[in-house]
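Have a look at the structure below before the remarks.
The values are calculated or read from the model by the stated rules, or taken from the named source; none is laboratory data. Remember, it's a predicted structure, so these values are computed and weren't measured experimentally. Reconstructed Cβ throughout: ideal geometry from the backbone, glycine too, with neighbour counts over all protein chains shown. Only protein heavy atoms, including side chains, enter the accessible area calculation; ligands, DNA and RNA are left aside. Shrake-Rupley method; radii C 1.70, N 1.55, O 1.52, S 1.80 Å.
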Amino acid sequence: MSTTEPDALLGPADIRELAAALGVRPTKQRGQNFVIDANTVRRIVRTAEVRPDDVVVEVGPGLGSLTLALLEAADRVVAVEIDDTLAAALPATITARMPERATRFSLVHSDAMDVRELPGPPPTALVANLPYNVAVPVLLHMLDRFPTIERTLVMVQAEVADRLAARPGNKVYGVPSVKANWYAEVKRAGAIGRNVFWPAPNVDSGLVSLVRRDPPATTASKREVFAVVDAAFAQRRKTLRAALAGWAGSPAAAEAALVAAGVSPQARGESLTVEEFARIAEARA
């Protein structure tokens, strides 16, 4: 555990000064909103329950606000950054503000969706302020690609947080909810106000906690299960008998798979657990 001084973290003036020096203007295209409040990043690290032996992967570190707070608490931090300017600047920021931890930091200059491996020991935690436009695909990709990630805490748009943590029967329960639940126990872990970001977004943000669990016991593959999920929610107002007709080959074939799985053909996707989707996939396999 590091004993860095409080001023090692970035405040609002530091963020703006860094951005000005780099000629960086946060872009909507990449959903960039930089966290400018040191108390907020410390709260995120605390909520994520980052431990001194953790290897944390961070996606979209930006100017380094959360990165520095993670370095205070974890054994190692690997940051994945797509932006050329930000990726080039971050190692220097770490060295300048937390020199004694600099050797514990690694940077991967890449689109997170293209990351297949990470330097150093396998990651044990994922902590990130995810851009709203790619939050769900990036989260699912990282959980799928790196099974050693045991605990995840992501900051996302509040609406996305609600969808990820939704339970069956909730009106926002959908594809992200089911797929995230394949990998982990998912829950909301707090709200984040707009004023801790620069620029301040037009929407509220939320924290989502995901604790790794074993996927449902099934002979169907994840790909087969996810195909059922996608089909069920592509026409979410329809009964599963109708919504899964294309997937199964016909409404009758869909009904047969549903009955074999112990699921009512008149049910809708929004009422099913990930385990039930797995049973449907298995019934057709």
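When all protein chains stay in place and ligands, DNA and RNA are ignored, the 1.4 Å accessible-area order of TYR183, TYR132, largest first, is TYR132, TYR183. Between the listed residues LEU210, ALA19, LEU107, the Cα displaced farthest toward the positive end of the dipole of segment 12-212, a dipole computed from Cβ unit charges relative to the Cα centre, is found at LEU210.
Placing unit charges on the Cβ atoms only, positive for Lys and Arg and negative for Asp and Glu, gives segment 222-284 a dipole magnitude near 180 debye about its Cα centre.
For segment 12-212, the fraction of 1.4 Å probe accessible surface lying on carbon and sulfur atoms is 50 percent. Taking the 1.4 Å solvent-accessible surface of segment 222-284 as the whole, the part contributed by carbon and sulfur is 49%. Taking ARG42, ARG223, ARG16 in turn, the Gaussian network model of the chain (Cα-Cα springs below 10 Å) assigns the largest fluctuation to ARG223.
Ignoring aspartates and glutamates fewer than eight residues from LYS187 along the same chain, the ones with Cα atoms less than 19 angstrom from its Cα are GLU49, ASP144, GLU150, GLU159, ASP162, ASP204, ASP214, GLU270, GLU275.
Assign one of three labels to segment 51-210, namely rounded, prolate or oblate, based on the Cα gyration tensor with a ≥ b ≥ c the square roots of its eigenvalues; rounded applies when a/c is under 1.5, prolate when it is not and a/b is larger than b/c, and oblate otherwise. Prolate, because a/c is 1.5 or more and a/b exceeds b/c. Expressed in whole Å with the largest first, what are the equivalent ellipsoid semi-axes of the chain derived from the C-alpha gyration tensor as the square root of 5 times each eigenvalue? With the √(5λ) rule applied to the chain, the semi-axes are 40, 19, 15 Å.
Farthest towards the positive end of the charge dipole of segment 222-284, among the residues ILE280, SER264, PRO251, is the Cα of PRO251, using unit charges on the Cβ of Lys, Arg, Asp and Glu.
Put the Cα centre of segment 171-222 next to the Cα centre of segment 135-163 and the gap is 6 Å. Per residue, segment 139-232 exposes an accessible area of 44 Å² to a 1.4 Å probe, with every protein chain left in place. Accessible surface for segment 63-125, divided over its residues, is 39 Å² per residue with a 1.4 Å probe. Whole-Hz Karplus values for segment 272-279 come out as 9, 7, 5, 5, 5, 4, 5, 5 Hz, taken residue by residue from phi with 6.51 cos²θ - 1.76 cosθ + 1.60 and θ = phi - 60°; glycine and proline positions read x.
Sequence-distant contacts, meaning Cα pairs under 8 Å at least 6 residues apart, place the relative contact order of the chain at 14 percent. Amide H to amide H, with H built 1.01 Å from N, SER205 comes under 5 Å of ALA158, ILE192, counting only residues 5 or more places away or on other chains. The mean sequence distance of close C-alpha pairs (under 8 Å, at least 6 residues apart), as a share of the length of segment 222-284, puts its relative contact order at 36 percent. Computed about the Cα centre, the dipole magnitude for segment 12-212 is approximately 540 debye when only Lys and Arg (+1) and Asp and Glu (-1) carry charge, each at its Cβ. 3J(HN,Hα) along segment 238-243, derived from phi through the Karplus expression 6.51 cos²θ - 1.76 cosθ + 1.60 where θ = phi - 60°, amounts to 7, 5, 5, 4, 7, 5 Hz, with x in place of Gly and Pro.
Remark: segment 88-178 carries a charge dipole of roughly 200 debye about the Cα centre, counting +1 on each Lys and Arg Cβ and -1 on each Asp and Glu Cβ. Please report the base-10 log of the normalised intensity I(q)/I(0) for segment 163-233, using a Debye sum with one equal scatterer per alpha carbon and no solvent, at each q in 0.13, 0.18, 0.20, 0.23 (1/Å). For the requested q values the scattering log ratios are -0.49, -0.79, -0.89, -1.04.
Give the shape of segment 222-284 as rounded, prolate or oblate, defined through the alpha-carbon gyration tensor: a ≥ b ≥ c are the square roots of its eigenvalues, a/c under 1.5 means rounded, and otherwise the shape is prolate if a/b is larger than b/c and oblate if not.
Verdict is rounded for segment 222-284.
Computed from Cα positions, the angle between helix 135-145 and the longest principal axis of the chain comes to roughly 80 degrees.
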